[in-house]
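Heads up: the structure comes next, in structure tokens.
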Amino acid sequence: MITTKRYSTLMFFILLAINLPAQNLTGTWEGKLSTDQILQLNILQTGDKICGYTRDYVIADTSSFCKAFFEGKYDAKSKRLFINGRYFLQNTSTHVLMRLILNYKKEKGKEALEQKPVPVISYRERKTIFGVIVEPYMDYDSSEYVYIKKISDQPFEIIDLMKDCIAGDKVKDSIFKPIVTTEPKDSQPEIVKIIAPENPKDSLPVVVAPPVPVKDSIAKPKELEQRKNVEQSKIDVHVKTINLKVYDNAIVDGDTVSILYNGRLLLTHQLLSEKAIEINLELDEGQTRHEIVLFAENLGSIPPNTALIIVTAGEKRYELFASASLEENAVLVFNYRPK
């Protein structure tokens with residue numbers, strides 16, 4: 001008998017496979033990044049959309065490593081995979097988010113992804129009868145070299161961000177411009193982009209029941225009123241039921257928060273990580289302005305306390321960013337305007 005957990009996992013991969021193109025990149029890929037690092041790519045693919053995370057480390061110093069979430073797309077015609085790093089999940093050194101253009105190839109039955117070194121113009125001195133002259137010559141930047149092979153048909157781990165990414169709409173570009181989709185209305189939700197910390201970005205939909213109210217006997221943080229409330233995002237919503245998924249933004253470093261809705265404590269001392277803290281919220285129809293307050297219980301190992309909040313409201317979704325400190329609370333405002 002198949003357990004519920006195993007059955008759910010099996011169905012996830014069956015549904016994923018329905019939308020795969022001829023080339024299936026889903027799985028674990030591993031190999032060389034430049035000449036001194038090992039890179040692992042964990043990929044989920046549906047259609048031309050790619051979601052996943054990287055893991056890489058320095059060969060001479062395995063304590064220098066990072067793990068980062070990425071989104072991308074696969075162009076079946078050119079057999080190219082485009083990857084944009086989005087958020088650090090771990091970073092123990094000075095690693096940077098990667099942007100890769102990988103060429104798919106098959107060699108002796110083995111699948112591989114390769115990014116060749118980038119050609120650059122360098123300069124050198126050359127002695128002539130007229131003296132020493134400096135001349136340009138073509139060189140290659142080996143730090144851009146990537147060669148990885150497929151070692152498994154499944155990712156090493158499927159994290160929540162990957163599931164949300166696959167469930168969402170088409171991949172967003174690196175400067176977060178609005179994306180116009182041509183998909184039928186009953187397939188995936190419209191994506192709306194809001195740029196900058198004051199009015200951030202976008203993301204996904206699920207209609208769910210309101211959260212169980214927290215009893216007034218559970219005390220609010222004592223320092224709540226002593227800190228300044230700073231409005232960091234404001235969006236208009238047209239449905240009263242919304243879904244929030246709260247993640248650590250950037251590096252997972254032990255940030256914990258308490259979350260309040262219109263002054264009412266919903267959750268307390270919640271650890272932010274790459275796994276979502278999910279809140280199903282039903283807005284009070286008797287008022288227009290609604291506030292979510294993130295109260296920093298600590299600052300983790302890397303201040304300040306930062307969060308990524310994916311908000312689903314009907315057919316629209318948004319990505320909002322919040323940054324709280326021991327002096328300021330992060331406030332997200334929803335203006336409820338029913339149609």
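Values quoted throughout were computed directly from the atomic coordinates according to the rules given, and no laboratory measurement underlies them. It should be emphasised that the depicted structure is a prediction, and the values quoted were computed from it without experimental measurement. Glycine also receives a Cβ, built like all others from the backbone with ideal geometry; neighbour counts cover every protein chain displayed.
Taking 0.36 nm per intervening residue step and subtracting the Cα-Cα distance, what contour gain separates Val96 from Ile151 on full extension?
Additional length available on full extension: 17.3 nm.
Using only Cα positions of the range 221-262, each an equal point scatterer, no hydration layer, compute I(q)/I(0) via Debye at q = 0.15, 0.19, 0.22, 0.34 Å⁻¹ and quote the log10 values to two decimals.
Each listed q maps to, in turn, -0.62, -0.97, -1.16, -1.27.
Could you work out the local net charge near Tyr57, counting Lys and Arg as +1, Asp and Glu as -1, over the other residues with Cβ closer than 11 Å to its Cβ?
-1
What percent does the relative contact order of the range 73-137 come to when contacts are Cα pairs within less than 8 Å and at least six residues apart?
It comes to 20 percent, rounded to a whole number.
Could you work out how far the C-alpha centroid of the range 220-272 sits from that of the range 66-126, in angstrom?
35
Regarding the range 53-101, what whole-number volume in Å³ per residue does the convex hull of its Cα atoms give?
So the per-residue Cα hull volume is 70 Å³.
Would you compute the Debye intensity of the range 269-320 from its alpha-carbon atoms alone, equal scatterers and no solvent, and pass along log10 I(q)/I(0) at q = 0.15, 0.23, 0.25, 0.26 Å⁻¹ to two decimals?
-0.57, -1.11, -1.22, -1.27
With a point put 7 Å past each Cα toward its Cβ, work out how far Asp284 is from Val132 in nm, to one decimal.
Distance between label points: 7.7 nm.
With a sphere of radius 12 Å drawn around the Cβ of Ala68, what net charge do the other residues whose Cβ falls strictly inside it have (Lys, Arg +1; Asp, Glu -1)?
Counting the neighbours of Ala68, the net charge comes to +1.
Just to be sure I follow: if Rg is taken over the C-alpha atoms of the range 40-146 and Rh is the Kirkwood radius over the same atoms, what is Rg/Rh?
Using only Cα positions, Rg/Rh for the range 40-146 is 1.14.
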